[in-house]
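The values are calculated or read from the model by the stated rules, or taken from the named source; none is laboratory data. Please read these numbers as outputs of a predicted model, since none were measured by experiment. All Cβ positions, even for glycine, are placed from backbone atoms using ideal geometry, and neighbour counts span all protein chains on display.
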Amino acid sequence: MLIAERHSRLQDLIAARGMCDLDTLSRELGVSQSTIRRDLELLEQRGVVKRTHGGVVWLGDRTAHSTRPYAFDQRLTHREDAKRQIAHAARPFVRPGQTIVIDGGTTTFHLAQQLVGQRLQLVTNSLPIANLFLNDDNVEMIVIGGLLYPRYGVFLGPMAESQLATVHATTMFFGAAGILDGALYNQNLLLVESQRRMMQQAQEVILLVDSSKFGQQALARLCELGEVGIVVTDAGLPPEHRAAIEAAGCRLVIADES
């Protein structure tokens, strides 16, 4: 196979699937993982993929491969700097050996990237997050199953809630589509039900959300802001929302822009 042909086929495979691991790409293209890594480095330089630990996520235009307008990989780079800062600020709340729940979402995905290689037990309903830890021997991972919701790449529904009811965690990390008048909102009723169950199963609940979500409302009401222990956001948060968070009794952590 010619190099140009291999690059084209590699790009098509990742674009069609949204994410993939090195083992699968190596096997399907009939080349070594070191060759795949070099090819992915070129694609990353073009800005169409993001390499992860043991895999890759597609960032480019998927219109030729998918009709989903808000699929996970298309949302990953929206306000990416703020999300990375928030993830970095949330990282110290995870200690080695803990059992944590990470809900699906792009900000929580950035946090998960920073946890690769750390010894912990991880419970997640997110395919993109689970993919990060495929080859990580330090992580004992439980992947919650159910109905796949493609916008976030998460499993939802009664099956997911039933499985979540059997786990207990130290900390839960999650996001929201909007925070308005002291309440959290998300865009899917099933997603809200799963998040509520996760909150019930965790000792501490930590919200990771960029400042653009404040003052916004979505379809389904999740909970009162006061039910969240810690809110981690970026420095763009307006003063009135800072005051509302503190009035609700939450600990506020502002991510460092440096």
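With the structure loaded, tell me whether G104 is modelled with pLDDT of 85 or more, surrounded by 14 or more Cβ atoms within 10 Å (Cβ to Cβ), touching a strand residue (DSSP E or B) at 6+ places or on another chain (Cβ under 9 Å) and in the same structural domain as P150 (by TED's automatic domain parsing) or whether it fails that test. When the stated conditions are applied, G104 passes them. Within region 2-54, restricting attention to residues that are at positive phi and either surrounded by 12 or more Cβ atoms within 10 Å (Cβ to Cβ) or in the same structural domain as I129 (by TED's automatic domain parsing) (or both), the residue that is farthest from the chain's Cα centre (by Cα) is G54.
Restricting attention to region 150-182, the residues that are surrounded by fewer than 20 Cβ atoms within 10 Å (Cβ to Cβ) and free of Cβ contacts under 8 Å to residues at least 60 places away in the same chain add up to 10. Counting the residues of region 214-258 that are surrounded by 19 or more Cβ atoms within 10 Å (Cβ to Cβ), among the acidic types (D, E) and outside any loop (DSSP other than H, G, I, E, B) gives 0. Taken over region 13-60, the criterion of being touching a residue at least 40 places away in the same chain (Cβ under 8 Å) and over 18 Å from D136 (Cβ atoms) is satisfied by I14, A15, A16, R17, G18, W58, G60.
Annotation note: Cβ proximity below 6 Å between a residue of region 195-218 that is among the charged types (D, E, K, R) and a residue that is not in a strand (DSSP E or B) (sequence gap 6+ or interchain) occurs for R197/E161; R197/L164; E204/G229; D210/R79; D210/A82; D210/D234.
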